[in-house]
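Novice: Have a look at the structure that comes next, please.
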Amino acid sequence: DAGVIQSPRHEVTEMGQEVTLRCKPISGHDYLFWYRQTMMRGLELLIYFNNNVPIDDSGMPEDRFSAKMPNASFSTLKIQPSEPRDSAVYFCASSLSLELADTQYFGPGTRLTVL
Amino acid sequence: GESVGLHLPTLSVQEGDNSIINCAYSNSASDYFIWYKQESGKGPQFIIDIRSNMDKRQGQRVTVLLNKTVKHLSLQIAATQPGDSAVYFCAENIEKGGNKLTFGGGTRVLVKP
């Protein structure tokens, strides 16, 4: 299995531009998670999906952030408009189920820089 | 690779020695804990986990200890190798019966040859 795939690996954009991050979970995994990692706040859960349906988006910082999962093999995290404080590494993870002790597998991350 | 954190606590250990990484968790109701390893430029990688009904669990070269009385978790790495250099995160499951994780701030381990 190729693992969780994220694209792009690096993104540099200017303030005000729209940014779209992409994720392909491990095939057969029903749960998909989006995390953000910064030096100041560490690793934070933004949102997670079950069978393509958003379950908990309480970690999404504000309305500029949105996430979708149109099918079982693809999810996007969009920031519009982007701001310099959105600069971070964004990780996608997936797991087979949401049962206790089910491992979350992380992708390599997308490093976003907003100038 | 990405900078995970310039101000992380750092543990320097000599190659071949044992490493102990500590973590204090926040929620006394948490029932599942995980240690992740993150190398530069990569996503967190699962190392070992433990349920709250256990106080010790062993893997290959790693042991996790759980002390629920003081809400403390530790990861022991035996015979530390250069490939163990990374940032290590503990995570706790804060959702009863679920898998919603809260991560600690991380500890950087530097292995000296």
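The values are calculated or read from the model by the stated rules, or taken from the named source; none is laboratory data. Just so it is clear, the model here is predicted, and its values are computed rather than measured. FYI the Cβ positions are ideal-geometry reconstructions off the backbone, even for glycines, and counts take in every protein chain you see. Accessible surface areas use protein heavy atoms only, side chains included; no ligands, DNA or RNA. Shrake-Rupley method; radii C 1.70, N 1.55, O 1.52, S 1.80 Å.
Novice: Between B:Lys100 and residues 5 or more places away or on another chain, which pairs have amide H atoms under 5 Å apart, with H built 1.01 Å from N, and which residues are they?
Specialist: Amide H neighbours of B:Lys100: B:Ile94, B:Glu95.
Novice: How many Cβ atoms of partner chains, on average, are near each residue of A:23-32 if near means within 10 Å of its Cβ?
Specialist: That average works out to 0.
Novice: Assigning unit charges at the beta carbon (Lys, Arg +1; Asp, Glu -1) and nothing else, what dipole magnitude in debye, to the nearest 20, does segment B:37-97 show about its Cα centre?
Specialist: Computed charge dipole of segment B:37-97: roughly 160 debye.
Novice: Could you order A:Tyr48, A:Tyr31 by accessible surface area, starting with the largest, using a probe radius of 1.4 Å? Write down the numbers at each step before the final one.
Specialist: On the way: A:Tyr48 5, A:Tyr31 35 Å².
Ranked list, largest accessible area first: A:Tyr31, A:Tyr48.
Novice: Per residue of B:41-50, what is the mean number of Cβ atoms on other protein chains within 10 angstrom of that residue's Cβ?
Specialist: Mean partner-chain Cβ count within 10 Å for B:41-50: 5.
Novice: Placing +1 at every Lys and Arg Cβ and -1 at every Asp and Glu Cβ, with all other atoms neutral, what dipole size does chain B have around its Cα centre, in debye to the nearest 20?
Specialist: The dipole magnitude comes to about 200 debye.
Novice: Give a residue-ordered list of calculated ³J(HN,Hα) values for segment B:25-33 (Karplus: 6.51 cos²θ - 1.76 cosθ + 1.60, θ = phi - 60°; whole Hz; x for Gly, Pro).
Specialist: After applying 6.51 cos²θ - 1.76 cosθ + 1.60, I find 9, 9, 10, 5, 8, 4, 10, 7, 9 Hz.
Novice: For the cross-link pairs B:Lys37/B:Lys100; B:Lys42/B:Lys68; A:Lys24/B:Lys100; B:Lys71/B:Lys100; A:Lys78/B:Lys37, which exceed 22 Å when the distance is taken from alpha carbon to alpha carbon?
Specialist: Values: B:Lys37/B:Lys100 18 Å; B:Lys42/B:Lys68 31 Å; A:Lys24/B:Lys100 20 Å; B:Lys71/B:Lys100 18 Å; A:Lys78/B:Lys37 27 Å.
Over 22 Å Cα-Cα: B:Lys42/B:Lys68; A:Lys78/B:Lys37.
Novice: Can you give me the orientation-averaged projected area of the convex hull built on the Cα atoms of the protein assembly as shown, in nm²?
Specialist: For the Cα atoms of the protein assembly as shown, the hull's average projected area reads 12.3 nm².
Novice: So what's the convex hull volume per residue for the Cα atoms of chain B, in Å³?
Specialist: Hull volume over Cα atoms, normalised by residue count, gives 99 Å³.
Novice: Another one. If you average 1/r over every pair of different alpha-carbon atoms in chain A and take one over that average, what Kirkwood value in Å do you get? Walk me through the intermediate numbers first.
Specialist: Values: mean 1/r = 0.0713 Å⁻¹.
Radius from the Kirkwood sum: 14.0 Å.
Novice: Hey, in the GNM for chain A with a 10 angstrom Cα cutoff, which one of A:Asp57, A:Asp30, A:Asp102 fluctuates hardest?
Specialist: A:Asp102
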